[in-house]
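Everything below concerns the one structure shown next.
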Ligand code: SAH
C-alpha cells in the first residue's frame, strides 16, 4: 500500500512542490497552507474556496492530521486546561493550556511515551512508543486554539517525550510554527526542554533559532543525578553543563536550568552549595519546581520552607531564581498521568 502524503507536515516550499506535482496552480498551495496553518481548518470540507474535485483528490491521497479531543479537564481556579488527544493510529498524547497575563501558553508533547526513564516522571513508565510528526506537534496547538477560539502566544515543548530525541521533526515543527506563512509565533516565545542530549544540543546551537532552551538538571552532582535520571549514565553532568555554556556562547541565548525539588533527595543546604559550584553564578537562571508526586513512585515534594531556604541560598550567590507557579491545582496530576489513566 502506498503511504499517503502527510500534508500538514509539509512546509510551505514542500507543499508548493506537491501542488505542482499534482498539476495544480501554484496559488492553491498558498490557499491550502493558510487553511491548515492560519485558519486551522479541521478538515478539507471547510476549505470553501478550494474546488470539490481538488478536496476529494486530497482526501484520497493525503493524510490530514486532525487530533481528536478524547478528554479535557478544566481548572475552576485559573482556567488551565488539560487535553488528551487521540492520534489517527489510536495512540494518545497530552497537552496543557495555561493562561498568563502576557497571553496563552500551550505545553505540548513531542513523543508518545518516553525512553529517558527519569524516576520521578509519569511519562516514561510505559516506555516509548513512537515519535510525533511535525503535524502532530503543530495540531496540538491548532486543535486547542480552535477549541477555545483564542490565539496561542507561547509554546513550550515540555509535555511527554524528549524533544531532542525527535530532533528533525522538532526543528521542522519549530520552523513551521514560527513561519510567517503560518501562525507566525515568535521564536522567542518557544521553549524547548531537554534532559540533556549533548550531540543534539550542539546541533541545535547551529540551527540559528532564537528559541529558549531549558535543561532539566534536577541534581547538583553526577552521583545524585544518575540515581534519578538514567540519561546521566550516557552524558556526565559536567559535560552537559559545559555543552549548555557552549550553547549560550554560540547562540547568545541564556538557558534556564530546571530543578525539581524532591524531599530528602536533592533539596538540602549541601545540594544548593554543590549547585553553585557546578553552575557558577554568572548570569545563571534556575527554575525550582517542587516535584509533583506520582502514584507509582515514593518521591515527595520538598516542604515550602526548604524550597524557600534553597532559593535564598542560591540568591545570596547572585543566581536568578524563580519558583514554578502551580497551575490548575484542582485538575492536578503530573505530566503524563491523564494518558496513563486512559491507557489503564
Ligand atoms: N524530556 C524533556 C521534556 C519533558 S519533561 C525534559 O526532560 O526536559 C518536562 C519537565 O518536567 C522536565 O523538567 C521534567 O524533569 C519535569 N518533570 C517530569 N515529571 C515531573 C514531576 N513528577 N514533577 C515535577 N517535574 C516533573
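The values are calculated or read from the model by the stated rules, or taken from the named source; none is laboratory data. Worth saying up front: this structure is predicted, and the values here are computed from it rather than measured. With ideal geometry, Cβ positions are generated from the backbone for all residues, glycine too; neighbour counts draw on all protein chains shown.
Does the range 5-40 hold any residues that are under 28 Å from the mean Cα position of the chain (by Cα), in a loop (DSSP other than H, G, I, E, B) and over 14 Å from residue 135 (Cα atoms), and which are they?
39
Could you tell me which numbered condition residue 60 fails, if it satisfies all but one of (1) in a helix (DSSP H, G or I); (2) modelled with pLDDT under 95; (3) surrounded by fewer than 15 Cβ atoms within 10 Å (Cβ to Cβ)?
(2)
Determine whether the range 124-139 contains at least one residue that is in contact with a strand residue (DSSP E or B) (Cβ under 9 Å, 6 or more places away or on another chain) and near the ligand (Cβ under 10 Å from one of its atoms).
Within the range 124-139 (the criterion being in contact with a strand residue (DSSP E or B) (Cβ under 9 Å, 6 or more places away or on another chain) and near the ligand (Cβ under 10 Å from one of its atoms)), the answer is yes, since at least one residue qualifies.
Check 89, 43, 78 and return the single one that is part of a loop (DSSP other than H, G, I, E, B) and at pLDDT below 95.
Of 89, 43, 78, the one residue that is part of a loop (DSSP other than H, G, I, E, B) and at pLDDT below 95 is 78.
Within the range 172-181, how many residues turn out to be touching a helix residue (DSSP H, G or I) at 6+ places or on another chain (Cβ under 8 Å) and part of a helix (DSSP H, G or I)?
Residues that pass the stated criteria total 5.
For the subset of the range 141-166 comprising residues that are away from the ligand (no atom under 14 Å from the Cβ) and assigned to a helix (DSSP H, G or I), which member is surrounded by the most Cβ atoms within 10 Å (Cβ to Cβ)?
Taking the candidates together, the pick is 142.
Six or more apart or on different chains, Cβ atoms under 9 Å: show the pairs whose first residue is in the range 320-344 and loosely packed, with under 15 Cβ neighbours inside 10 Å and whose second is modelled with pLDDT under 75.
Short answer, once both residue conditions are applied: 326/332; 341/333.
Sort out which residues of the range 182-207 are surrounded by fewer than 16 Cβ atoms within 10 Å (Cβ to Cβ) and either more than 14 Å from residue 254 (Cα to Cα) or touching a helix residue (DSSP H, G or I) at 6+ places or on another chain (Cβ under 8 Å) (or both), and write them in order of number.
Once the filter is applied, which keeps residues that are surrounded by fewer than 16 Cβ atoms within 10 Å (Cβ to Cβ) and either more than 14 Å from residue 254 (Cα to Cα) or touching a helix residue (DSSP H, G or I) at 6+ places or on another chain (Cβ under 8 Å) (or both), the range 182-207 yields 184, 186, 187, 199, 202, 203, 206, 207.
For the range 96-123, how many residues are part of a loop (DSSP other than H, G, I, E, B) and within 11 Å of the ligand (Cβ to nearest atom)?
Of the residues in the range 96-123, 11 are part of a loop (DSSP other than H, G, I, E, B) and within 11 Å of the ligand (Cβ to nearest atom).
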